[in-house]
Amino acid sequence: MARKKFEELDLCDPFLFAAALEDEVICRLILEMILGRPIAKIRVHAEHTILYSSDFRSVRLDIYASDEVQVEYDIDYSDFRFIPIVSSSSVP
C-alpha cells in the first residue's frame, strides 16, 4: 500500500482522524457539528482503554471525550463507512 502525502490526508484517514480529534477545540467543534447542539468544554483521550472485568478484558476507544456536564462521547473511526461514529451517554 502506497503512503499518502500529508497534504492528501483527510478525516477519512485513521491517522489524521486521531491526530485531529485529540485537540479539544477541534473535537468539540466536530461533535457540535455532528450532534447539532452546543457542547460544554471537553477533555479528550485518544486510544482510551476501559478495563471492565477482572479477567483483564477491555475495550479500546479511538477517541474518548467527556464534558463538564458529565456526558461521555465515544468517537470511533469506521473504515467500512468512512464516517465517524459518535455515541454519547450521561453518567448517573
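Read the figures in this text as sums done on the coordinates, not as results from a lab. Bear in mind the structure is a predicted one, so any value in this text is a computation, not a measurement.
With distances taken between every two different alpha-carbon atoms, segment 1-81 has a Kirkwood hydrodynamic radius of 14.0 Å. Gyration tensor over the Cα atoms of segment 1-44: the corresponding equivalent ellipsoid has semi-axes (square roots of 5 times the eigenvalues, largest first) of 25, 11, 7 Å. Counted residue by residue at 0.36 nm each, then reduced by the alpha carbon distance between them, the extension gain from A46 to F15 reaches 10.0 nm.
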